[in-house]
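Report on the structure given below.
Every number here is computed from the coordinates shown, using simple stated rules; none is lab data. Values in this document were obtained by computation on a predicted structure and should not be read as measured data. Backbone-built Cβ (ideal geometry, glycine too); neighbour counts: all protein chains shown.
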């Protein structure tokens, strides 16, 4: 059987990385509050009793590097290299006759989105939002499939507001359908394997089928099934699928919504999605992700980390890098070969990824996955008078009315070259092999 969200939860549980909540919880604010507690413990969470009978809710499946390493079957330090290796061997998905997501089928008047435990995350959110839905659509001219992640605001029994604007590929596809005077058919898969979400969150060339990336990450074809009400295919082992149409030339106010920068995106006119069919598995698991959480950042970061790793590898002996806890800042560790090399590294990183605003370059003995270790290197090794690379009037994050993201800063936080006797870090013998719980 193909690996899915349920197999991931089982793997996390056997690795002591899953919390089960049996007490009944409310999707409005209570679940998000508990999600934050689970995130601080570095564990996924499964809510088994929700004030929407018939559904369970899960979150923080990939809230830590350790969890990602389990799914990639590698060490946390080698995830990026494993991503690159797998994606470089494309595998196409395959269409099957049926799958678990077809165990329950509702159409037309049977569809009632209020039955779903859609979560209201933040105080000023306009209402409940679907945040972990994989949106599937097709280009009307080529038939090429596109897969993306788009927020959706609950608006009624069969109605959602959905954000999709060019240059995002889904926005471009919507424009093509609109010019034909036809609605855009979409399907939304909720409750997915992390590889499917990673693929949907990856920026690729227009016309690339993101499900090919998902298949490559799995090292086997992703199994798809045909939809009931639209001419699309969705993952056969998804938990829930919504099918329907985005109405042409129909716009309604959507928002506010707490976005990934931890601020609220204001109310704006966005598209309307009418749901015509809903299918799901028995005892379905509704998946939710809070924008800007560690899980959200990990999903957004990995493909960008791979792009940075490949670019920096051309100019330096890179050891590791991390875009967590924010995809606007990066820490990169290298084995420095000459003075000034860290500035070359930062310049290469800025050139490869335009949203990058800060790049801190550290030595190979610094853990880039530990923000405290990175700060230690900055405080004890950087030289502000000569170790900064400032770039003005640069392309950055596009939604920027106050021009906060139009400059960049590279920081050389490496020790002086060939001075390791002076900069050797102190250690405690045996510290890595001793476990406190064995003494309690």
Stokes-Einstein D in µm²/s, Kirkwood radius over Cα pairs - the stretch 5-287 at 20 °C with 1.002 mPa s viscosity: 111
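For a test of the definition: using alpha carbon positions, the gyration tensor, and the 1.5 limit on a/c, classify the stretch 323-440 as rounded, prolate or oblate.
Judged from the Cα gyration tensor, the stretch 323-440 comes out oblate (a/c at least 1.5, b/c at or above a/b).
Can you tell me the relative contact order of the stretch 313-423? Whole percent, Cα pairs under 8 Å, sequence separation 6 or more.
28
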Gaussian network model of the chain, Cα within-10 Å springs - most flexible of 267, 366, 241: 267
Förster radius 25 Å - calculated FRET efficiency between residue 77 and residue 423, Cβ distance, rounded to 0.05: 0.70
Whole-Å semi-axes of the ellipsoid equivalent to the stretch 1-76 (Cα gyration tensor, √5λ, descending): 23, 15, 9
Inter-centroid distance (Cα atoms) of the stretch 97-165 relative to the stretch 179-237, Å: 13
FRET efficiency, 1/(1 + (r/R0)^6) with R0 41 Å, evaluated for residue 391 and residue 20 via beta carbons: 0.30
Space enclosed by the convex hull of the alpha-carbon atoms of the stretch 268-331, per residue, Å³: 185
DSSP-defined beta bridges in the stretch 5-287 - what % are antiparallel, rounded to 5: 80
The stretch 392-436: Rg to Rh, with Rh as the Kirkwood radius over Cα pairs: 1.34
Added length on full extension, which subtracts the Cα-Cα distance from 0.36 nm per residue, residue 33 to residue 376: 120.4 nm
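Once you keep just the Cα pairs under 8 angstrom separated by 6 or more residues, what percentage relative contact order results for the chain?
14
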Nearest 10 degrees, 0 to 90: helix 30-41 Cα axis against the chain principal axis: 30
Between helix 294-312 and the chain: long-axis angle, C-alpha atoms, 0 to 90°, nearest 10: 50
As computed over the stretch 209-273, the Cα convex hull volume per residue (Å³): 147
0 to 90° range, to nearest 10: angle between helix 5-14 axis and the chain longest Cα axis: 50
Range of Cα positions in the stretch 187-310 per principal axis (Å), largest first: 42, 37, 33
D_trans [Stokes-Einstein, Kirkwood Rh over alpha-carbon pairs] for the stretch 79-227, 25 °C, 0.890 mPa s, µm² s⁻¹: 146
